[in-house]
Amino acid sequence: MNSHVTDRRSFLKSSLLAGLAAAVPPWRAGAAPAAGASAPTRVALTTGTDRAAMAFEGLKPFREQVRRGIAGRQIVIKPNNVAIDHPLCATHADTIRGILEFLKSLGRTGDIVIAESPASGPALEGFANYGYTRLAQQYGARLVDLDQDATETLYVFDEKDFRPHPVRAARTLLSRDRYLISATRLKTHDRVVATLSLKNIVVGAPIKDAGFVWGRGRQPGTRSDKPVVHGRGFRAINFNLFTLARRLRPDLAVLDGVEGMEGDGPVGGSPVDHRVGVVSTDWLAADRVGLALMGIDFAKVGYLNYCANAGLGCADLAKLEILGPPLADHVKHYRLSHNIDQQLVWMRSA
């Protein structure tokens with residue numbers, strides 16, 4: 001009982017502190033970048049149709065940063081396979097191939113994990129469907145189903161009852177000894193406008209029980225903790241993504257926009273022939289550039305605004321050094337989800 005009270009007090013205290021940042025109005029150009037920033041934050045923009053080559057080229061400017069970052073640490077590549085049998089919603093195997101080739105060029109082979117907890121179905125089935133199994137064998141990487149991982153309990157907010165709710169989160173993504181690479185597509189989203197490198201990590205961390213298959217029925221007594229993070233409302237999910245970002249943000253972001261998704265993402269959207277890629281060691285900068293390429297107003301994305309206000313990265317385009325072709329030449333305006341007006345409730349006071 002005492003442990004439960006302590007956990008709840010800790011949650012409420014952290015929620016109050018985080019809420020101060022969340023209460024700040026949407027991020028404005030000219031907002032301060034992360035403390036201690038001196039040189040401009042770099043983001044690589046690549047174009048083409050060869051995902052592996054684009055990922056490799058995008059990573060090259062960050063060679064020394066990545067080399068230092070991975071030294072003595074477990075490398076974890078987290079794809080975004082929200083469903084296990086719908087290729088448009090998933091990270092393409094060639095994007096992973098480009099990352100693995102780059103790591104190989106740094107002398108890192110074998111001790112690399114590709115880890116996922118899909119919203120629907122077993123991770124290993126999705127890996128096989130998307131060609132990861134052969135890829136892992138070729139590079140000596142290990143495929144990990146995060147639903148089988150050891151867990152740590154985190155707490156999130158629910159806007160219907162204003163109480164802390166426990167979430168089982170995979171320790172592989174929480175470990176301080178890991179170097180975490182988020183590899184995902186540019187996609188719109190039906191809850192938070194867009195899903196990019198941060199959301200891939202945060203919602204990939206909560207696990208589900210074996211036998212739980214979203215939308216296909218489930219074995220009695222099984223559950224998924226992913227919906228808990230959604231907090232039963234558009235305000236709560238943005239708040240929860242922000243608060244969990246302090247523990248679950250990636251070290252490196254690789255965004256694939258060769259073929260993006262617009263409309264009712266992250267699963268039910270339509271393809272966008274975009275032919276771009278984004279890489280940065282500042283995940284927020286990468287997500288900021290990703291949104292700009294998608295023609296999405298940054299002020300509409302709540303969780304990223306909160307992260308920018310809290311100094312978790314650089315979200316000011318004027319303070320970013322874009323390596324590659326002009327950003328403005330490659331913008332496509334993605335169609336947003338049908339419920340975008342409902343999603344923007346986070347921008348209004350209660």
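The values are calculated or read from the model by the stated rules, or taken from the named source; none is laboratory data. Since the model is a prediction, treat every value here as computed from it, not as a measurement. Please note: Cβ atoms are built from the backbone with ideal geometry, for glycine as well, and neighbour counts cover all protein chains shown.
So, in segment 208-236, of the ones that are aliphatic (A, V, I, L, M) and surrounded by 15 or more Cβ atoms within 10 Å (Cβ to Cβ), which residue ends up modelled with the lowest pLDDT? Write out each step before concluding.
Just the residues of segment 208-236 that are aliphatic (A, V, I, L, M), to begin with: 210, 213, 228-229, 236.
Within this subset, residues satisfying the condition of being surrounded by 15 or more Cβ atoms within 10 Å (Cβ to Cβ) are 213, 228-229, 236.
Numbers: VAL213: 70, VAL228: 97, VAL229: 97, ALA236: 97.
Within segment 208-236, the match that is modelled with the lowest pLDDT is VAL213.
Suppose the filter is closer than 22 Å to VAL76 by Cα, part of a helix (DSSP H, G or I) and in contact with a Lys or Arg (Cβ under 7 Å, 6 or more places away or on another chain); does LEU241 pass it? Can you show your working first?
Numbers: closer than 22 Å to VAL76 by Cα: yes; part of a helix (DSSP H, G or I): yes; in contact with a Lys or Arg (Cβ under 7 Å, 6 or more places away or on another chain): yes.
In short, yes.
Residue-wise test of (1) more than 18 Å from the chain's Cα centre (by Cα); (2) within 26 Å of ASN81 (Cβ to Cβ); (3) surrounded by 24 or more Cβ atoms within 10 Å (Cβ to Cβ).
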residue: ASN238; (1), (2), (3): no, yes, yes
residue: ARG246; (1), (2), (3): no, yes, no
residue: GLU259; (1), (2), (3): no, yes, no
residue: GLU262; (1), (2), (3): no, yes, no
residue: ILE296; (1), (2), (3): no, yes, no
residue: LYS319; (1), (2), (3): yes, no, no
residue: ARG335; (1), (2), (3): yes, yes, no
residue: VAL345; (1), (2), (3): yes, no, no
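Taken over segment 68-106, the criterion of being among the β-branched types (Val, Ile, Thr), assigned to a helix (DSSP H, G or I) and under 16 Å from GLU259 (Cβ atoms) is satisfied by THR95, ILE96. Of the numbered criteria (1) under 20 Å from the mean Cα position of the chain (by Cα); (2) in a loop (DSSP other than H, G, I, E, B); (3) of a type in the set (Val, Ile, Thr), the one THR109 fails is (1).
crowded, with 16+ Cβ neighbours inside 10 Å, of a type in the set (A, V, I, L, M, F, W, C), at pLDDT below 50 and farther than 22 Å from VAL331 by Cα: does that describe ALA34?
Values: crowded, with 16+ Cβ neighbours inside 10 Å: yes; of a type in the set (A, V, I, L, M, F, W, C): yes; at pLDDT below 50: yes; farther than 22 Å from VAL331 by Cα: yes.
The answer is yes for ALA34.
Select, from ILE84, ILE112, the only residue that is in contact with a helix residue (DSSP H, G or I) (Cβ under 8 Å, 6 or more places away or on another chain) and within 17 Å of PRO250 (Cα to Cα).
On the way: ILE84 fails: within 17 Å of PRO250 (Cα to Cα).
None of the others qualify; the one that does is ILE112.
A quick yes/no check of all residues on (1) over 21 Å from the mean Cα position of the chain (by Cα); (2) farther than 17 Å from THR243 by Cα; (3) buried (at least 17 other Cβ atoms within 10 Å of the Cβ); (4) at pLDDT 95 or above:
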residue	(1), (2), (3), (4)
ALA119	no, yes, yes, no
TYR130	no, yes, yes, yes
GLN148	no, yes, no, yes
TYR155	no, no, yes, yes
PRO166	no, no, no, yes
ILE181	no, yes, yes, yes
THR188	no, yes, yes, yes
LYS199	no, no, yes, yes
PRO206	no, no, yes, yes
